[in-house]
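In what follows, a structure is listed as structure tokens, so that the remarks can point back to it.
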Amino acid sequence: MKTVAIIGGGITGLTAAFGLKQQGVPVKLFEAGNRVGGVIQSMRREGHLAEFGPNSILETSPVISGLVQDLGLEQRKVYSDPGAEKRFIVRGGEAIEMPTTPGAFLRTKLFSAAAKFRLFAEPLLPRGPAGDKESIGQFVQRRLGQEFLDYAINPLVAGIYAGDTAKLSVKCAFPKLHALEQKYGSLLLGQVLGARARKKSGEVSKQDAKKFSFDAGLQVLIDRLQEKLSGEIVLNSPVRSLEQTADGWRVHLDDQADSEAETFDSVVLALPAYKLAWLKMKTDVPVDFSSLADIHYPSVASVVLGFKRSDVAHPLDGFGMLIPEKEKLNILGALFSSSLFPNRAPQGEVTITCYLGGCRNPMLASNSLEELARLTEIDLGKILGITGRPTFQQVTVFKRAIPQYNVGFGRYLEVMQAAERNAPGLFIAGHARDGISLSDSITSGHNIAGRIQTFLAADKKQPATLELQNAA
């Protein structure tokens, strides 16, 4: 029976392991830490539910809903409140609703009249370069103008990547945006015409995808995956090196002698880029991941605060708000968590989740937890009209949070692709390669499980093929 080792117990590794197990493929998942789930972790205290990392999942693909169904979690699935779809951008210290219709766009004070008229010229502009040499900042400035970069894309990039618009690659960090221009010659035309292709494939754009969580937060998903894989997960087991042999792949752990290493027919590396860079590889054709250490992971702090509803002037009638760099505030943005999902705050209170640091303020996340909470409280007070002190706080710092798909990121993708080509049975998945969102990571795990099944099936047929060749 063919066996698979999965290195890394984040959502990608868990999804891959579950998918393989469903198909009857024996798996063993090695996790270096004392828990699985990576940055996904939910905690309920004093009536508030705090998410340490992601707060929701975007239902962008049938793969996402299929996983929830296969895990038997449909009854615990909770979609975001339809009344909390508004998104706000801060301009001049005021949270202004982002327009979602042509009429609202023409009326909004978020953009000047000149910026609005500039948008109508977008379909007339020529295509940009096809390669990975243009940043998202250059792309937006070229197609939409400086004001859209400052008050739409800059805060959006901070909210997604905690990144820098001058560095992030439009092709690698926003591949669908880049593809729209390359295929249709226009973002506006591409949004309309590309909708047909998405409908046919069953995929939904991230802008239009439904958001969901679970009744007790995203930890529900991790707990159920761990339950389904209870016999296949090994915690506190950092993998030191991989060795390609005639029989497959030997997995060496820090606390094991080489003679005790296990052998598998295939290996999935579902690790952050910096951990891939540390992994020692002994392969027939040299595999060198050391350059992946150059992929930048900025520090990000997650600050969850609770307030009395009566102390908050803003109605919090939306998804949350994003902060342009020009506003000179500490927070990158805020999610109105208790507006999005039920049971996130006790009666008469609200829960707000904020993020600080990232590429915009790289040293900010090194402050004490108390200082991070204080800075967040000050910014929220200014924008949302909060008068009272927090009733709850939970601060979590991720020293290496989100990989930055900067200009030139394609060279790192080639390193990973070359490793797979040169070392059959080795597969790489996760946010270092396939997108940084939670839905991207789930899809990555699902897809890698399918690729491995194909590899193992082809490998089984190999002896028969050789016999036929010899007979000829």
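The values are calculated or read from the model by the stated rules, or taken from the named source; none is laboratory data. On a predicted model such as this, the values are computed, not experimentally measured, just so you know. Every residue, glycine as well, gets a Cβ built from its backbone with ideal geometry; the counts of neighbours run over all protein chains shown. Please note that ligands, DNA and RNA were not included when accessible areas were found on the heavy atoms of the full protein model with its side chains. Shrake-Rupley method; radii C 1.70, N 1.55, O 1.52, S 1.80 Å.
Tell me which trypsin sites (Lys or Arg not before Pro) from the range 311-370 have a DSSP coil assignment and no more than 11 other beta carbons within 10 Å of their own. Loop-located and lightly packed - Lys328. Surface composition of the range 69-193: carbon and sulfur make up 60 percent of the accessible area, probe 1.4 Å.
Between Ala113 and Arg35, residue separation times 0.36 nm minus the direct Cα-Cα distance comes to 22.9 nm.
What does the C-alpha gyration tensor say about the overall shape of the range 97-142? Classify as rounded when a/c is under 1.5, otherwise prolate if a/b is larger than b/c, or oblate. Prolate. Looking at the chain alone, DSSP beta bridges between its own residues are antiparallel in about 70 percent of cases. At 7 Å along Cα-to-Cβ for each site, give me the label-to-label distance between Arg44 and Gln182 in nm. The two pseudo-label positions are separated by 4.6 nm. For the range 1-100, relative contact order (Cα pairs under 8 Å, six or more residues apart, normalised by length) works out to 16 percent.
Since only Ile352, Leu372, His431 are under comparison, the one whose Cα sits farthest along the positive direction of the charge dipole of the chain, derived from C-beta charges on Lys, Arg, Asp and Glu, is Ile352.
Would you work out what percent of the accessible area of the range 325-365, with all protein chains in place, is carbon or sulfur (probe 1.4 Å)? The nonpolar share, carbon plus sulfur, comes to 49 percent.
Solvent-accessible area per residue in the range 249-321 equals 42 Å², computed with a 1.4 angstrom probe and all protein chains kept. Highest-first packing order for the peptide set 441-448, 294-301 is 441-448, 294-301, based on the mean count of other beta carbon atoms within 10 Å.
What you get for the chain, charging only the Cβ of Lys and Arg (+1) and of Asp and Glu (-1), is a dipole of about 1340 debye around the Cα centre.
Cα centroid separation, the range 390-448 to the range 264-284: 13 Å.
For the chain, adding -39500 (n - 2.57) for each run of n ≥ 4 DSSP H residues and dividing by the number of residues yields -10000 deg cm²/dmol at 222 nm.
Counting 0.36 nm for each residue step from Leu413 to Leu71 and taking away their Cα separation leaves a gain of 120.0 nm. Placing +1 on the Cβ of every Lys and Arg and -1 on the Cβ of every Asp and Glu, with no other charges, gives the range 301-394 a dipole of roughly 60 debye about its Cα centre. Ordering Ser135, Gln22, Pro99 by Cα displacement along the dipole of the range 1-147 toward the positive end leaves Ser135 in first place; charges were set at the Cβ atoms of Lys, Arg (+1) and Asp, Glu (-1). In this calculation the C-beta distance from Phe120 to Leu193 is compared with R0 = 25 Å, giving a FRET efficiency of 0.90. Per residue, the average separation of C-alpha pairs within less than 8 Å and at least 6 apart gives the range 299-349 a relative contact order of 40 percent. Solvent-accessible surface of the range 1-151, averaged per residue with a 1.4 angstrom probe and all protein chains in place: 45 square angstrom. The simple Förster model, with R0 at 45 Å and r as the Cβ-Cβ distance, assigns Arg400 and Thr101 a FRET efficiency of 0.70.
Assign one of three labels to the range 266-360, namely rounded, prolate or oblate, based on the Cα gyration tensor with a ≥ b ≥ c the square roots of its eigenvalues; rounded applies when a/c is under 1.5, prolate when it is not and a/b is larger than b/c, and oblate otherwise. Cα axes put the range 266-360 in the prolate bin.
Hydropathy at least -1.0 by Kyte-Doolittle, axial extent at least 15 angstrom from the Cα trace: which helices of the chain, defined as entire DSSP H runs, fit? In the chain, the long hydrophobic H runs are 11-22, 187-201, 369-384, 410-422, 438-471.
Residues whose amide H lies under 5 Å from that of Ile6, counting only those 5 or more places away or on a different chain, are Lys28, Leu29, Phe30, Val268; hydrogens are built 1.01 Å from N in the peptide plane.
The three principal axes of the C-alpha atoms in the chain carry coordinate ranges of 77, 55, 41 Å, sorted with the longest axis first. For the chain, the relative contact order works out to 25 percent when only alpha carbon pairs closer than 8 Å and six or more residues apart are counted. With 29 Å as the limit on Cα-Cα distance, the pairs of Lys211/Lys308; Lys28/Lys282; Lys2/Lys77; Lys171/Lys399 that go past it are Lys2/Lys77.
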